[in-house]
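The values are calculated or read from the model by the stated rules, or taken from the named source; none is laboratory data. Everything numeric here is computed off the predicted structure, so don't read it as measured data. Ideal geometry is used to build each Cβ from the backbone, glycine not excepted, and the neighbour counts take in all protein chains shown.
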Amino acid sequence: MCKDCKKPYYITTAIAYTSGKPHIGNTYEIVLADSIARYKRAQGYDVFFQTGTDEHGQKIEQKAQDAGVTPQEFVDGVAAQIKTIWDLMNTSYDKFIRTTDKDHEAQVQKIFKKLYDQGDIYKGYYEGLYCTPCESFWTESQLVDGKCPDCGREVKPAREEAYFFKMSKYADRLIEHINTHPEFIQPVSRKNEMMNNFLLPGLQDLCVSRTSFTWGIPVTFDPKHVTYVWLDALTNYITGIGYDCDGDSTERFKKYWPADLHLIGKDIIRFHTIYWPIFLMALGVPLPKQVFGHPWLLQGEGKMSKSKGNVLYADTLVDFFGVDAVRYFVLHEMPFDNDGVISWELMVERVNSDLANILGNLVNRTISMSNKYFGGLVKKTGAAEAVDGDLKATVLDAVKKVDEKMEQLRVADAITEIFGIFRRSNKYIDETAPWTLAKDEAKKDRLAEVLYNLTEAITIGASLLEPFMPETSQKILAQLCTEKRELSAMNEFGRYPDGGKVTEKPEILFARLDLKEVLAKVEAMYGSSEEEKAAGSAETSAEAADSRAAADKAHEKADSAAADKAASAAGQAGTEKSEPKPEITYDDFAKLQFAVGEIIACEEVKKSKKLLCSQVKIGSEVRQILSGIKSGYTPEQMTGKKVMVLMNLAPRKMAGLESQGMLLCAEDADGNLALMTPDKDMPSGSEIC
């Protein structure tokens, strides 16, 4: 934790190139940086978080020409679009810099002149193979199959007058810095790549101006030249906080530089760990403390690319899943040092399993039980048992581990630790069985203590969740009627106010989703062309949809009309409506396995007029069972009931959810329903024979 609450912390993202709308892979970076910035603020740091847009270059000049607008008009529109998406994702940046900002342009011109005057920049000619989209020159040996090694596009021979920076002049000094500062380039694999592939073989001088286009910052002493992209773009990290090449830098620059963290994609690690530090050395400016090259978020079989048509956009995903669900996915699914994968199927799976089930169901059950048994009051009673200690230890250990993971920038691992709190809390409910305690007045104090422990665990977990899912954290804490717990106050368990009161009606945080319905909406939204399909859904998602459809084919007919009556169907054989069924033998009947189950939670299936979704405890096991009995029971009436369960019925999908058994009930001629329940209090799991 930060001992000095005023200690500055400066974090930046790479500035987004204004050639077009950023896809979710680009957006991942701003969300990742935001989670780190928010966590640092929670630690007490004085954080300055900068992002922005890179707006010059030949590619943009061409796009503007194609669009029939000026380059400035073009970048104004794209920059506004990028800023809108950053804001949509609830990112807490302090400054949004644009490289067309006049103060930035003025400093770039000063920097270029200073480096020229001191002999670091000289004029010459560049002849090589040029990739316009990447704005990079390559030698023949650097090409891959004759194409650009970065983007795989065609390159063209080019020769033009240009200014060059003497990179080799500072190479040895940079090598020494990297060797003596092992934390400078992270992960380590990126450092090894830079050393072995670029620095140790020897650096070539770098082209820093262009004459073949005009959309750039003019070189003051040679106006036919414009400053080449990297000398322009990289300097945003210092110009944005007030660097002045003449020595009159602002107090902000003096306070926050050197940057604590440059967060960038692994594809531009070379520019940030070789070119950028060498520029700074030449300017006599300290180097940033750390450059972290994060992996890519892939869709289908490769990196997202507008030219490939395999692009997903943040605003589209938010329309389907909500801001915090998208934030959770991109942060949780990205490993520290390997690429992550996104698809519609994976998004739905994570929403249903992690967000709706593990987190949302836990919060809903805890608040509902507090209201049901104590009118919403949450009280300490001291009626502790051994199982409480393990829950508390898990929670407090998670606090320490989250801090450790965030110091290592292992954000996905930190989120996993937080969800470990929620998983352990769900297990604690099964272990303590509050619904059973509620039936014994002598155990009322124990029941209160259990619910207090759950409320406290959720409070700590929700507070830790704030940097990653800020809106969800706020919603949970609001339902618990408490404030976010400060990190410094998470060193002990039991700070939730004794006698506090939770909200009367818990809000559903995340609704379960039907994959088929989601994919159908995607299909309708993107149309039927191959390119549009690729843009809307990864090939893996399409294949997954096909496999899901095949798996569900046997139940298609039942899922349409009869599925909602699944539970009551078993009881209809004795009603006036039922038709005689074929006679069976004892051996047929012996194949059926029945047991007593206890409904520990129940909720409506929003997309069905008849289905209820119950969590049924059968011995030590909890199963999800869907029943078409909404006309006869409310979720509140279901919770706590002992019921008859058909155990060995094959799992099936209904309304997009899996049902893992059947609750038996009777139905009379008027459609009235009655669950089959034991006439004596039998423990869950008891065999019915």
_Going residue by residue through the stretch 238-251, is there one that turns out to be over 31 Å from the mean Cα position of the chain (by Cα), in a helix (DSSP H, G or I) and either on the phi < 0 side of the Ramachandran plot or surrounded by 15 or more Cβ atoms within 10 Å (Cβ to Cβ) (or both)?_
yes
*asked:* Tell me whether the stretch 44-58 contains one or more residues that are among the aromatic types (Phe, Trp, Tyr) and under 19 Å from HIS272 (Cα atoms).
replied: yes
*What residue, among those in the stretch 80-99 that are surrounded by fewer than 20 Cβ atoms within 10 Å (Cβ to Cβ) and of a type in the set (Ser, Thr, Tyr), is farthest from THR211 (Cα to Cα)?*
SER92
_Residue in the stretch 309-356 that is farthest from LEU297 (Cα to Cα), counting only those that are in contact with a helix residue (DSSP H, G or I) (Cβ under 9 Å, 6 or more places away or on another chain) and small (Gly, Ala, Ser)_ = GLY322
*Just name the residue that is surrounded by the most Cβ atoms within 10 Å (Cβ to Cβ) out of those in the stretch 1-58 that are within 25 Å of ASP315 (Cβ to Cβ), among the charged types (D, E, K, R) and at pLDDT 95 or above.*
GLU55
*Search the stretch 272-297 for residues being assigned to a strand (DSSP E or B) and out of contact with any Lys or Arg (no Cβ under 7 Å at 6 or more places or on another chain), and hand back the single one that is nearest to ALA259 (Cα to Cα).*
VAL291
_As an exercise: evaluate LEU174 against (1) surrounded by 15 or more Cβ atoms within 10 Å (Cβ to Cβ); (2) more than 27 Å from PRO288 (Cβ to Cβ) and give the number of the one condition it does not meet._
(2)
*Might you let me know whether the stretch 201-218 holds any residue that is touching a residue at least 12 places away in the same chain (Cβ under 8 Å), within 20 Å of LEU32 (Cβ to Cβ) and part of a loop (DSSP other than H, G, I, E, B)?*
no
*Does ASP337 qualify as being in contact with a Phe, Trp or Tyr (Cβ under 7 Å, 6 or more places away or on another chain), of a type in the set (Asp, Glu), touching a residue at least 12 places away in the same chain (Cβ under 8 Å) and surrounded by fewer than 22 Cβ atoms within 10 Å (Cβ to Cβ)?*
no
*All positions within the stretch 625-653 that are part of a strand (DSSP E or B) and out of contact with any helix residue (DSSP H, G or I) (no Cβ under 6 Å at 6 or more places or on another chain)*: ILE625, LEU626, LYS642, VAL643, MET644, VAL645, LEU646
*asked:* For the list (1) touching a residue at least 60 places away in the same chain (Cβ under 8 Å); (2) more than 19 Å from the chain's Cα centre (by Cα), I need the number of the one condition that GLY389 fails.
replied: (1)
_ALA674 being surrounded by fewer than 18 Cβ atoms within 10 Å (Cβ to Cβ) and not in a loop (DSSP other than H, G, I, E, B)_ = yes
*Select from the stretch 488-514 the residues that are outside any loop (DSSP other than H, G, I, E, B) and out of contact with any Gly (no Cβ under 7 Å at 6 or more places or on another chain) and write down the one among them that is farthest from ILE460 (Cα to Cα).*
GLY500
_Which residue is surrounded by the most Cβ atoms within 10 Å (Cβ to Cβ), if the candidates are limited to the stretch 109-154 and must be in a helix (DSSP H, G or I) and touching a Pro at 6+ places or on another chain (Cβ under 8 Å)?_
GLN109
*Any residue at all in the stretch 370-390 that is of a type in the set (D, E, K, R) and closer than 26 Å to LYS40 by Cα?*
no
_Filter pass, TYR428 being assigned by TED's automatic domain parsing to the domain that holds VAL378, over 20 Å from LYS617 (Cβ atoms) and not polar (S, T, N, Q)_ = no
*So which of LYS380, LYS400 ends up being surrounded by fewer than 19 Cβ atoms within 10 Å (Cβ to Cβ) and out of contact with any helix residue (DSSP H, G or I) (no Cβ under 8 Å at 6 or more places or on another chain)?*
LYS400
*Do any residues in the stretch 304-329 that are modelled with pLDDT under 95 have Cβ atoms under 6 Å from those of residues that are assigned to a helix (DSSP H, G or I) and surrounded by 19 or more Cβ atoms within 10 Å (Cβ to Cβ), where the two are at least six apart or on different chains, and which pairs are they?*
MET304/GLY25; GLY309/ALA535; VAL311/ALA535; LEU312/ILE24
